[in-house]
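Just so it is clear, none of the values below were taken in a lab; they were calculated from the coordinates. These numbers were taken from a predicted model, which means no experiment stands behind them. No Cβ is skipped: glycine too gets one built from the backbone with ideal geometry, and neighbour counts run over all protein chains shown.
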Amino acid sequence: MLNRKLFYLSFALLLLALVPPSTLARPFVLVLSQDDLSDPSSAPNNNPSPLDDVADFDDFPESESKPDFVLDPGSWSPLFEPDPNFKTLIPKSNDDEVMYYDGVRKMVEAASRGDFRVMEEGAAEIEAAAAKGHPHSQSVLGFMCSMGMGRETSKAKAFLHHCFASQGGNMQSKMALAYTYYRQEMHDKAVKLYAELAEVAINSFLISKDSPVIEPIRIHNGAEENKEALRKSRGEEDEDFQILEYQAQKGNAGAMYKIGIFYYFGLRGVRRDHARALWWFSKAVERGEPRSMELLGEIYARGAGVERNYTKALEWLTLASRQQLYSAYNGMGYLYVKGYGVEKKNYTKAKDYFEKAAENEEPGGFYNLGVMYLKGLGVKRDLKVATKYFALAANAGQPKAFYQLAKMFHIGVGLKKNLAMATALYKLVAERGPWSSMSRWALESYLKGDIGKSFLLYSRMAEIGYEVAQSNAAWILDKYGERSMCMGESGICTDSERHQRAHSLWWKASEQGNEHAALLIGDAYYYGRGTDRDYDRAAEAYMHAKSQSNAQAMFNLGYMHEHGQGLPFDLHLAKRYYDQALEVDPAAKLPVSLALVSLWIRRNYANSVLVSCFPDGLLKLCCNKMAFGFTFATFFFFSFLFIHVFCVHQRFVLQEPPYAMVDMIDSLPEVYPRVEDWVENVIMEEGNATILTLFVCLLTVLYLRERQRRHAVAGDIAPPQQPIEQAGPLLN
């Protein structure tokens, strides 16, 4: 069966799609064709001995459990997740390090309280340490210059500080530089930095199977707060977690395993705690839970919270495999490849274990077999077979496979050299590194109502290239305004500074594929929010969102074509965009139907008074990004439209000649079938009928109030007095 898959893959396109478990994450899609495969005969040293090492590729990386402040020097984890071992690693004589963390602490405190004076104190300490060459202080100073936070906004100074910091080993500055090069399409420089960062990231992955992806949570859904995602991220305070914990305490082995997973990986807002995870896994295995056996094997192999013991690791993994947990075969094969916990290395036995995992569709099995064929470990080296195994693993979402494919694109071994593709894949893996912990701290702060601290952390992540953080930070600025505690160059951000910063963040997010961000950029230019009104740039932004199949952007483009705003006046193109919006989003049926009615009237009665019944801007306002597909917008549209038509009707009856009305009456036989279809397909649809009923009620109320007003006015106005004729003189 496996050979048949490889046979078909050799003649077809290989579609690799990384779809993270989080539905909020953006999928990454890579398409490989036969043209991407390099000529095997051109690869150097095509048939090395099994013991030869290929320096350009990792073997099976050491998967050690290390704290964030070790993997990510200068990490803020000591402030958010204190570790008792941290102080022992900092020499008492290192005043710069002490000054650095004291400055960062004051920055966080200032952002939380909105105290710019404290921010200045923290910035001064960081700047003093940076002047002495402290790399982590230089990194934070670069962040402050980039954002204009307590310092003058200067991209040049920010870049310079990050260069110095990266040379001193600061990983977050390397991320910032790599992202800067990535935006400018300087792939030759970006690929080197992302390759180094991706390697650090994969060294923290598990040996047995892919760990759950801790993606930054998108705290908003369009313009509204993402309440469902936030509810699931409240950690131990979440009602679902408490129910699960209660079930675990009552002896439910599955619940024990899930609780252990939450503590081991720090999922759903729960703080990582390897000791508690070990306790729950141990309780679960007492009741025969096989997945907990595998995780215990991982814990002992990595030394996570316990002393490393490869012998115990192999025992637990073996027990898990006997329970038909096929991912455990990956861990067993890894130990035999490395020679850990066994008498000696045994590539043949390792290959057998990896094949058992692969035969049961386990992504780790595909990946590990790919490594063996790539390096020629126990098998004849075959780059083509290695590539196909990596493709199968990547198609199942194995991040290590993306790392290996990135290296192959980078170096040109097995795949043709492609720096742009290599950079994108490296970036994908690098963003899973230990610096991603900031997203967890930012979310915790937001859930606790500390908006300022959350905004600071999301801003830091936004600078180093996380699209979700960019959109979250921008949304906080738009949503909370002054409550975001946004720090400017000389104090709390003004409205103008907030608009400009939000605009910049939305723009960066739109560059990385966020269609909602592109839509907001278009709205900012269209309505002149935080910038000058510019219909041309609004159209460009809407085009960008439209290219990502955004229905609202298509609707807006149709509207701009209909009115000749930023785009040529073209009713045919307007109808095409309206139709496309309906195809992409069926919920747009009613707004699109209203737009098509307006379009029909403009086309058939361009010179009549009816065109004025559809006031410019009203339809777009009622069907904007906040209300697209939301039928109450239609209710307000009809309300305003009725009032406007009523006023126009008064003018029509009193002043306009009746020729337009005669034309309308003559055209009714042609209109009737269309109206009948519209009533059947739109008005009678569930939900729309309710809205239209409310509309009729509104008409009745308005009519009665207008009638009452007229009677009242008529009663208040006294009848005009007749002039008194002067009486003639009385006759005696």
Using the Karplus curve 6.51 cos²θ - 1.76 cosθ + 1.60 with θ = phi - 60°, what ³J(HN,Hα) values do you get for each residue of the stretch 391-402, in whole Hz, with x for Gly and Pro? 5, 5, 5, 5, 5, 8, x, 7, x, 5, 5, 5
Counting only backbone N atoms under 14 Å from a point 7 Å out along Cα-to-Cβ of Glu489, the residues of the stretch 142-161 in range are 145-158
Simple label model, 7 Å out from Cα along Cβ direction - Glu225 to Arg271, nm: 2.4
For Asn226, distant residues with modelled amide H under 5 Å away: His220, Asn221
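Given a cut-off of 26 Å, what percent of all Cα-Cα pairs of the stretch 68-202 lie beyond it? Intermediate values should be presented prior to the final figure.
Values: 2146 of 9045 pairs.
Considering the stretch 68-202, 24 percent of its Cα-Cα pairs are separated by more than 26 Å.
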What are the lysines whose alpha-carbon lies under 19 Å from the alpha-carbon of Lys258, with same-chain residues fewer than 8 places away excluded? Lys209, Lys232, Lys250, Lys283
Efficiency of FRET between Arg117 and Ser496 - r from beta-carbon atoms, R0 30 angstrom, step 0.05: 0.85
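Ranked highest first by average number of other Cβ atoms within 10 Å, how do 578-587, 129-138 line up? Could the numbers behind the result be given before it?
On the way: 578-587: 18.1, 129-138: 21.5.
Those peptides, ordered most packed to least, come out 129-138, 578-587.
Note down the net charge around Glu125, summing +1 for each Lys or Arg and -1 for each Asp or Glu among other residues with Cβ under 14 Å from its Cβ.
On the way: positive: Arg105, Lys106, Arg117, Lys132, Arg151; negative: Asp95, Asp96, Glu97, Asp102, Glu109, Glu120, Glu121, Glu127.
Spelling it out: positives minus negatives among the neighbours equals -3.
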Can you list residues from other chains, or at least 5 along the same chain, whose modelled amide H is less than 5 Å from the amide H of Leu415? Ser38
Separation of alpha-carbon centers, the stretch 357-409 and the stretch 286-334, rounded to whole Å: 22
Please list, in chain and number order, the residues 5+ apart from Val270 or on another chain whose amide H is under 5 Å from its amide H, with Hs placed from the backbone. Gly235
Can you work out the Karplus-derived ³J(HN,Hα) for every residue in the stretch 518-532? Use 6.51 cos²θ - 1.76 cosθ + 1.60 with θ = phi - 60°, whole Hz, and x for glycine or proline. 5, 5, 5, 4, x, 5, 4, 6, 5, 9, x, 8, x, 7, 6
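Going by average Cβ density within 10 Å per residue, which order do the peptides 485-497, 529-541, 310-322 take, highest to lowest?
Working: 485-497: 17.8, 529-541: 16.2, 310-322: 19.9.
Per-residue Cβ counts within 10 Å, averaged per peptide and sorted highest first, yield 310-322, 485-497, 529-541.
For the pairs Lys400/Lys453; Lys312/Lys349; Lys174/Lys400; Lys192/Lys416, flag any whose C-alpha to C-alpha distance is greater than 28 Å. Don't jump to the answer; show the numbers that get you there.
Numbers: Lys400/Lys453 33 Å; Lys312/Lys349 19 Å; Lys174/Lys400 21 Å; Lys192/Lys416 17 Å.
From Lys400/Lys453; Lys312/Lys349; Lys174/Lys400; Lys192/Lys416, over 28 Å: Lys400/Lys453.
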Label point distance in nm, Leu702-Phe159, each placed 7 Å from Cα along Cα→Cβ: 5.7
Distance in nm between label sites at Trp600 and Glu540, each 7 Å beyond Cα in the beta-carbon direction? 3.8
Neighbourhood charge, 12 Å Cβ-Cβ cut-off, centred on Met543 and excluding it, Lys, Arg +1 and Asp, Glu -1: -1
For the stretch 158-163, Karplus couplings with θ = phi - 60° (6.51, -1.76, 1.60), whole Hz, Gly/Pro x: 4, 4, 5, 4, 5, 4
